[in-house]
Amino acid sequence: MKRQYIALTLLSPVACGLAKGTEATGKKSEAGNRELPNVIIIYADDLGYGDLQCYGARNVQTPNVDRLASEGIRFTNAHAVAATSTPSRYSLLTGEYAWRRPGTDVAAGNAAMIIKPGQFTMADMFKSAGYATAAIGKWHLGLGDKTGEQDWNAPLPAALGDLGFDYHYIMAATADRVPCVFIENGMVADYDPSAPIEVSYQKNFPGEPTGKDNPELLYNLRPSHGHDMSIVNGISRIGYMKGGGKALWKDENIADSIVVHAVDFIREHKDRPFFMYFATNDIHVPRFPHERFRGKNLMGLRGDAIVQFDWSVGRILDALDRFGLAENTLVILSSDNGPVVDDGYDDRAEELLGGHSPSGPWRGNKYSAFEGGTAVPAIVRWPAGIKKTGDSDILMSQIDWMASLGSLIGARIPKGSAPDSWNRLGNLLGTDDSDRPWVVEFSSNHVLSVRTKEWKYIEPNDGPAMITWGPKIETGNSSVPQLYEMSEVDEKENVSSEYPEKLFELQTLLRKVVRDGSQKSFE
Ligand code: NG6
Ligand code: CA
């Protein structure tokens, strides 16, 4: 047991072959005489378990994602690490649980870099194995070296180049947070010298309109809660900014912009192995997709954003086909956390659901300690490497993707790096159908849960039962320990008093993971 889970730096059979035969780029695997696969992670934002047709959605069409699923493995019990973006992304890209690190909560747009340049990231790992690496789309893990002190008019002193990404074209945080500009290789893209950029999360700049004081300027979207500070493109945001001029994004073009850069990256690197972290803005708020995606589903803007996400996936898949790369590219599609309906803009998402369940069968949504917070779609396609396609209900966590992909490419992970990530490559490729013995989940108010295939324990805490600031979401908080039998997916009946031994076992396990680290707990 232990060996299997601490095998961070051990190589899989495929990778062993690769390691021997991979001195130069253009690398071949000795084992299968197969070139190292390209790897693309398509990471959606707030896309729920139930939001895709191939996961049961009926009010919206997602043919491209469905195609990906039909050609690969569709996982039905996969988990993001946290119920919000920043901690999930931190964990995915470092292989360390965000809850071990203070300062990994939902980041402001002017946060300093949360992953430190000295940390070994997933991008470093790919780079060390000879891959070209890129991050495109939503970042939300801070930029520069000092919070609030970035000069957005000059190269940033620290950016993704310091984290192993050869190329980046990103949004600093989220579309609802300033600065509303793309950053390309550490500098504002399409910088407009006639409109210097200033950003503050403390106070407005004199004379600049806000959503709060100038609602008449909100010609695209109005807030339903919060989001009433600076106005960009007729939509008010979180935080204040001034300037930007031609560099300011138009929300309706964000998907096009990131897709163009992603396809360019694929084209430019079609002759050598590449790793692309493609993190969409969809379907996070403000949901303001391009006109051509409007009105093609029954759910209004939230559904349109899903359609736009699906289109983006289609463009990536088409590019792989066009350049002859589909066969040997491993594509993983997932989401950073569970879904939310009203997350702060009046986009009628709630009224127009029409019976659609964004979180599928799971209780709770984004932010929540219930399963809906972290149960996400997860699809893996790699025609050259996955022999058995179909569905898999193995219990899986995104925390393991770093070590698993490292094993795939024969990368060595420095001792102490990616400390929580286990090599479970066989799960991703469908050759090992054993469940992860447990998965730790992290809610927005820092409540930890531990989930096994059969059980779920949520630690007690004093937080409110419902999110307090707007979205109508059950937090999963309770002042008493909660234990659920997961054969009943609805987490309704707390059976902690019926199964005190199981409760104790999971409490002990969680305590050990927190205190001793997740590898040690298996010794
Ligand atoms: C919340 C925002 C919400 C969203 C979330 C982060 C308000 C009222 N709500 O604070 O709109 O931005 O943070 O979402 O400001 S995440 O998916 O990036 O984690
Ligand atoms: Ca998110």
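Assorted remarks:
- Sites matching trypsin sites (Lys or Arg not before Pro) across segment 95-185 that sit in DSSP coil, with at most 16 neighbouring C-beta atoms within 10 Å: LYS146
- For segment 154-286, the solvent-accessible area of protein heavy atoms averages 38 Å² per residue (probe radius 1.4 Å; ligands and nucleic acids excluded).
- Across segment 349-406, counting alpha-carbon atoms alone, Rg and Dmax equal 15.2, 44 Å.
- Here is the P(r) of segment 65-116: all C-alpha pair distances, binned every 10 Å from 0, give 23, 38, 22, 16, 0 in whole percents.
- Coupling constants for segment 466-476 follow from the phi torsions by the Karplus curve (6.51 cos²θ - 1.76 cosθ + 1.60, θ = phi - 60°), and in residue order they are 10, 4, 9, 9, x, x, 8, 10, 6, 7, x Hz; glycine and proline get x.
- Note on SER497 and LYS203: their simple-model spin labels are 5.5 nm apart, each label 7 Å out from Cα toward Cβ.
- Value of [θ]222 nm, deg cm²/dmol, for the chain, DSSP H segments ≥ 4, -39500 (n - 2.57) each, nearest 500: -6000 deg cm²/dmol
- Accessible surface of GLU351 - all protein chains present, 1.4 Å probe, nearest 10 Å²: 120
- Scoring 411-421, 302-312 by mean Cβ neighbours within 10 Å over their residues and listing the highest first yields 302-312, 411-421.
- For the chain, with all protein chains in place and a probe radius of 1.4 Å, 50% of the accessible heavy-atom surface sits on carbon or sulfur.
- Built amide H within the under 5 Å cut-off of SER397, gap 5+: HIS79
- Placing +1 on the Cβ of every Lys and Arg and -1 on the Cβ of every Asp and Glu, with nothing else charged, gives the chain a dipole about its Cα centre of roughly 1220 debye.
- Filtered trypsin sites (Lys or Arg not before Pro), segment 461-510: DSSP coil and at most 11 other beta carbons within 10 Å: LYS472, LYS492
- The amide H of ARG177, built 1.01 Å from its N in the peptide plane, has ILE238 as neighbours under 5 Å, considering only residues 5 or more places off or on other chains.
- Over all orientations, the chain has a Cα convex hull whose mean projected area works out to 22.5 square nanometres.
- Measuring between alpha carbons in the structure, the pairs from LYS388/LYS453; LYS138/LYS250; LYS203/LYS250; LYS366/LYS472 lying more than 19 angstrom apart are LYS388/LYS453; LYS203/LYS250.
- Kirkwood radius and radius of gyration were both taken over the C-alpha atoms of segment 291-374, and their ratio Rg/Rh is 1.06.
- The residues packed around ALA369, meaning those with a beta-carbon under 11 Å from its beta-carbon, carry a net charge of -2 if Lys and Arg are +1 and Asp and Glu are -1.
- Kirkwood Rh in Å, taken over all unlike Cα pairs in segment 277-333: 12.4
- Antiparallel DSSP beta bridges within the chain, percent to nearest 5: 55
- The residues of segment 355-420 have, on average, 27 Å² of accessible surface per residue, using a 1.4 Å probe with all protein chains present.
- In this simple spin-label approximation, SER434 and GLU485 carry label points 7 Å from Cα along the Cα→Cβ vector, and these lie 2.7 nm apart.
The values are calculated or read from the model by the stated rules, or taken from the named source; none is laboratory data. All values derive from a computational prediction rather than experimental measurement. Virtual Cβ from ideal backbone geometry, glycine too; neighbours counted across all protein chains shown. Just the protein is used for accessible areas: all its heavy atoms, side chains included, with ligands, DNA and RNA removed. Shrake-Rupley method; radii C 1.70, N 1.55, O 1.52, S 1.80 Å.
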